[in-house]
Amino acid sequence: MRVLFSAACVAALLAPTAAQASPAEEKSAVDQRVEELQAEHEGLSEELARVVAELEEAEEQLPDAEAAWEEAADELEEAQRKDDELAARLTSAENAQDDIREEISSGEDRIEESERAVVQVGRSAYRNSGVTSDLAMLVEMTQSENGIDGLARVDSAVRGQRRTLTQLGEQRSANLNNQDRLDAAADEVSELRDEAAEVLLEKETAESAARDAKDELDGLIERKDSAAKTIEDNRSSAEDELRRQKEEQDRLAEEVRKWEEDAERDGVPLPGDGELRNPAPGYPITSPFGWRTHPISGTRKLHTGTDFGVPCGNEVYAAGDGVVVSAGTAGGYGNRVVISHGKIKGQSISSTYNHNTRLLVGPGDTVGQGDPVALAGTTGSSTGCHLHFEVMQNGTYVDPMDWIS
Ligand SMILES: [Zn+2]
């Protein structure tokens, strides 16, 4: 029964906790998170995205690793306690064994002494009588002048001898009894030694499990600290980059506003009251418009458009009829096309197409809804082929999905 229990204990120590993923699963989870982060934050380098993913992962795994380490430490403490307890029991059993051995040895001394006493009494009686046999001695004693005295001496000698013989018998039986006790003590010592050997194995297993759990925990903490430090080291440059991006967005929006003002003043013919359509029909949205917290700078930034997962080289289409405001490279936006659609529902509406490999239109061109305007790419601040599509309402970035049907 105890052996079964020990085996279960060892199995419990060796079994990984349910929350632990295999290294391969962890790798793919990190890879997946890197992709997500890069989709969510255009221009975030793979290296930094990986650091962020590893930090998140380490933070997520830390509570389980701490719990596993605490559990392993408790198991080790329990194994240590059992080991100590058995050692104490073993020492006490061995001491008891020594005590019994000593009792037996002094018992044997007493037996020897009694045996010598019996022989001594016999010899002394023989010497005093001066005859050659016990019978002759008795006859001699009873027949002497002083017959009564002689009988009394014989009686006393016999009684003394009987006492000694009784003692001797008692000592011999006590020694036999002690021998039984010694055998039982030896059995106990041997059992305790077996048990101690087993507990020692349990303790060694617990020690190894505790060491592994500690290594795992230390590794996680080290990875977490190292990732946090890398993020901290990159924080200010990320802040600068975001500031530059924001300035660029504002400048480009201002350019569009200015262009619209000039166009209105100069009477440039613009389509009106049309409607916008999806510039990348059939492709998935990989990142929506909206505010998000940058994982490196920790500051909030607006994702000014909707990202579509268009492979590099595939055509991107004009969302509506319009005039090309600009077509060229624009810093972080890469190769960019801006189209003014004139007034829709009383609002000046323009759309932009960014990160393209190649542009198919030039400034001032008139385009119709659905005309190819560029080939998708990953130029500028981008880490994968996609279309970053924006809609500006009176020169302000708005959610494109509110405008395309
Ligand atoms: Zn985007």
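Could you state the number of Å between the C-alpha centres of segment 334-405 and segment 221-297?
Using only Cα atoms, the two centres lie 12 Å from each other.
Give the calculated FRET efficiency between Asp266 and Ala228 to the nearest 0.05, with a Förster radius of 45 Å applied to their Cβ-Cβ distance.
So, using R0 = 45 Å, E works out to roughly 0.25.
What residues qualify as long-range amide H neighbours of Thr286, i.e. H under 5 Å apart, gap of 5 or more or another chain, H built at 1.01 Å from N?
Those lying under 5 Å, H to H, from Thr286 are Asp307, Phe308, Gly309.
At 7 Å along the Cα-to-beta-carbon direction for both Lys214 and Glu71, put a label point, then send me their distance in nm to one decimal.
1.9 nm
Which of the lysines could be linked to Lys203 by a straight reach, that is with a Cα gap under 28 Å, when you skip same-chain ones fewer than 8 residues away?
Straight-line reach from Lys203, under 28 Å: Lys82, Lys214.
Among all stretches of the chain without exposed trypsin sites (Lys or Arg not before Pro) (DSSP loop, at most 16 other Cβ atoms within 10 Å), which one is longest?
Details: sites that count: Arg277, Lys345.
Between exposed loop sites, the widest span is 1-276.
Residue separation times 0.36 nm, minus the C-alpha to C-alpha distance between Gln161 and Glu195: what's the value? Kindly include the intermediate steps, with their values, before the conclusion.
Values: separation 34, 0.36 × 34 = 12.24 nm, distance 5.08 nm.
Length gained between Gln161 and Glu195: 7.2 nm.
Show that you can apply the helix-only estimate: for the chain, add -39,500 (n - 2.57) for every DSSP H stretch of four or more residues, divide by all residues, and state [θ] at 222 nm to the nearest 500.
-22500 deg cm²/dmol
Measuring from label point to label point, each 7 Å out along Cα→Cβ, what is the Gln120 to Lys301 span in nm?
11.0 nm
Residue separation times 0.36 nm, minus the C-alpha to C-alpha distance between Ser237 and Arg181: what's the value?
11.9 nm
Residues of segment 171-186 with the amide nitrogen closer than 15 Å to a label point 7 Å from the Cα of Arg110, along Cα-to-Cβ, please.
171-179
In nm, to one decimal, how far is the Asp98 label point from the Thr378 one, both placed 7 Å along Cα→Cβ?
Using points 7 Å along Cα→Cβ, the separation is 7.8 nm.
With every atom except the alpha carbons ignored, what do you get for Rg and Dmax of the chain, in angstroms?
For the chain, the Cα radius of gyration and maximum Cα-Cα distance read 50.7, 175 Å.
Report, by chain and number, residues whose modeled amide H sits under 5 Å from the one on Asp371, excluding near sequence neighbours (fewer than 5 apart, same chain).
Amide H neighbours of Asp371: Ala318.
Within the set Lys224/Lys301; Lys246/Lys301; Lys27/Lys224; Lys229/Lys301, which residue pairs have Cα atoms separated by over 19 Å?
Correct reply: Lys224/Lys301; Lys229/Lys301.
Take every Cα pair under 8 Å in the chain that's 6+ residues apart, average their separations, divide by the length, and report that relative contact order as a whole percent.
16 percent
Laboratory data are not the source of any read-out in this text; all were calculated from the coordinates shown. What you see is a predicted model; the values in this text were computed from it and never measured. FYI the Cβ positions are ideal-geometry reconstructions off the backbone, even for glycines, and counts take in every protein chain you see.
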